[in-house]
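The values are calculated or read from the model by the stated rules, or taken from the named source; none is laboratory data. Source: prediction; values computed, not measured. Methodologically, a virtual Cβ is constructed for each residue, glycine included, from the backbone with ideal geometry; neighbour enumeration extends over all protein chains shown.
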Amino acid sequence: MQLDGLATGMDTTSMIDQLIQLERRPIYNYQQEISEMEATKGAWRDVNSRLDKLEDKTTDLKLSSTFNSRSASSSDKDVVTAIASNDADETNYSVTVKSTAQAQRLVGTRFDDASAPIAGITTESTITINNSDITISDKDSLRDISNKINDADSGVKASIVDNHLVLETNETGVENALDTTKAGSFVDSNGVLETLGLIDSTTKEITNDIEVQSASDAEIDINGITGITSPTNTFSGVVDGVTFNINPEAVANDGTDTASANVSVSKDTGKATDAVKAFVDQYNSVMNFLDGKTDYDEEEEKGSVLQGDATAMRLQTRIRSLVSSKVKDTGDFKTLSSLGIEIDRDGVMSFDSSKFTEALDQSPEEVMSIFNADSESDSFDGMAVRMDSYLDQLMQTNTGLIPRRLDFYDTRIDSLNDDIEDVERKVEMSRERYVQQFAAMEEAISEMNQQMSWMQSQLASLAGSSIMMSGNR
């Protein structure tokens, strides 16, 4: 416990605190430096995040599929829709749907109680559906059997409708239908399926009254070519690069009607337009952010966190140069501006989609090369190739300029925190030393005061004795 100025009357605690404040000055300087570094590091982290998004948009512009995209449109989507890949021919297809693919559906005998054990099953038996063995107990109800079939993952869905067990194949098409004559498809080892009414007890087959919906394949005609079938309502591989999807409700499967539609495959400029617009928007986001972080506020007379940062300014200049400089020396289109991508005097990039679409229609390969040409196969690098290479130099893990800079800030901040801990230790040692020194001073002064008091009392005694002796004379 420290008692202030018992001997001197001085506020020693306040004096020690003032001395400690002087010794803590390096800590305040370190903390200020840490605060500035944290702000700068945060700004660079934000720059990195925006550049990462710009790299994503740049990558899209390097892909040939962005510029060679095809779209397929149908004259009647209630009949057929289609998806076209980039290598699909630009042409028209007349599609006639003659039948659609259906799943097989079987309905068994009606029981009085779906929750009661089935009287006709007297012993444990095994049924096989699509090579999946299912054990049926004599205590199983219709609901138990339905659950066991669903749990078996046999390619068949089971349900109960009005106490009838209903089975429906998961997949459409004749090849996926249950068949008692096909090994492992629909096997009854002990009359269980017969008891359930899913196999006729006389013919040992699936009869018409059991099969309420037959499995069927889809059949279409394309441009007059007939007999094209599929076990599903999807036709892929029939036409290179085009997948046709038939509406399951297009026609009734009784063979009495057909439905027709035209599918047109054409160039899809929308994908390229969207990709360029996304790049332009992200470019402006990056540059606007950098402008704000390197700006100087004359009214406040204060610079932003990256104001005067040479790296930030070089980065801005380099990115602007990559999009504004000439890409190639020959051809109708040599720069991004010739494609409708311009940068105004304030550095803001704009995009004229009409001009771009017109150029893409006129010369798709040349337009694509402005973005993704590679000097190894072409005589120049496209803008997206150059930009991607530069962004990789900036952001590549461990070796990129920005990750290395962020690592530098982290290392420096850790070092400053270590310095703060060192100063804190020294300050505490100084505090203890000051306390001891002031305590020693108080003790010394206290002893001096005691001695002075004794001397004063002695002098007073001597003076009293002298007076008495004078009086006796």
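Of note:
- Within segment 237-251, the residues that satisfy the criterion of being surrounded by fewer than 13 Cβ atoms within 10 Å (Cβ to Cβ) and closer than 18 Å to Glu90 by Cα are Gly237, Asp240.
- Among the candidates Val286, Val251, the residue that is β-branched (Val, Ile, Thr) and farther than 24 Å from Asp56 by Cα is uniquely Val251.
- Strands (runs of 3 or more DSSP E) fully within segment 62-126 counting 3 or more residues that are of a type in the set (Ser, Thr, Tyr) and over 35 Å from the mean Cα position of the chain (by Cα): 92-99
- On inspection, Asp378 passes the criterion of being of a type in the set (D, E, K, R), at pLDDT below 95 and more than 31 Å from the chain's Cα centre (by Cα).
Residues are listed down the side, and each one gets a yes or a no for (1) in contact (Cβ under 8 Å) with a residue 12 or more places away in the chain; (2) touching a Ser or Thr at 6+ places or on another chain (Cβ under 9 Å):
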residue: Arg45; (1), (2): yes, no
residue: Ser49; (1), (2): no, no
residue: Ala82; (1), (2): yes, yes
residue: Ser85; (1), (2): yes, yes
residue: Thr100; (1), (2): yes, yes
residue: Gln104; (1), (2): yes, yes
residue: Ala114; (1), (2): yes, yes
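- Residue that is farthest from Ala72 (Cα to Cα), among those in segment 219-260 that are of a type in the set (Gly, Ala, Ser) and within 39 Å of the chain's Cα centre (by Cα): Ser230
- Of everything in segment 106-125 that is modelled with pLDDT under 95 and among the polar types (S, T, N, Q), the residue that is surrounded by the most Cβ atoms within 10 Å (Cβ to Cβ) is Ser125.
- Selected residue (criterion: farthest from Ser71 (Cα to Cα)) from residues of segment 211-246 that are touching a residue at least 60 places away in the same chain (Cβ under 8 Å) and aliphatic (A, V, I, L, M): Val212
- Boolean, Asp133 is among the charged types (D, E, K, R), at pLDDT 95 or above and within 30 Å of Ser201 (Cα to Cα): yes
- Criterion (loosely packed, with under 14 Cβ neighbours inside 10 Å, farther than 16 Å from Leu394 by Cα and either at pLDDT below 85 or among the charged types (D, E, K, R) (or both)) met by exactly one of Gln18, Gln32: Gln18
- Residue-level analysis places Asp346 among those that are modelled with pLDDT under 90, surrounded by fewer than 15 Cβ atoms within 10 Å (Cβ to Cβ) and out of contact with any Gly (no Cβ under 8 Å at 6 or more places or on another chain).
- 3 or more residues among the β-branched types (Val, Ile, Thr) and surrounded by fewer than 17 Cβ atoms within 10 Å (Cβ to Cβ): qualifying strands (runs of 3 or more DSSP E) within segment 148-232: 225-230
- Test result for Leu54, buried (at least 18 other Cβ atoms within 10 Å of the Cβ) and either in contact (Cβ under 8 Å) with a residue 40 or more places away in the chain or part of a loop (DSSP other than H, G, I, E, B) (or both): yes
- Any hit, segment 270-283, residues being surrounded by 14 or more Cβ atoms within 10 Å (Cβ to Cβ), touching a residue at least 40 places away in the same chain (Cβ under 8 Å), at negative phi and more than 30 Å from the chain's Cα centre (by Cα): no
- Extreme residue, surrounded by the fewest Cβ atoms within 10 Å (Cβ to Cβ), among residues of segment 127-147 that are of a type in the set (Val, Ile, Thr) and part of a strand (DSSP E or B): Thr135
- Residue, nearest to Arg404 (Cα to Cα), within segment 293-332, restricted to residues that are β-branched (Val, Ile, Thr) and part of a loop (DSSP other than H, G, I, E, B): Val305
- Check on Asp87, at pLDDT below 90, assigned by TED's automatic domain parsing to the domain that holds Val242 and not hydroxyl-bearing (Ser, Thr, Tyr): yes
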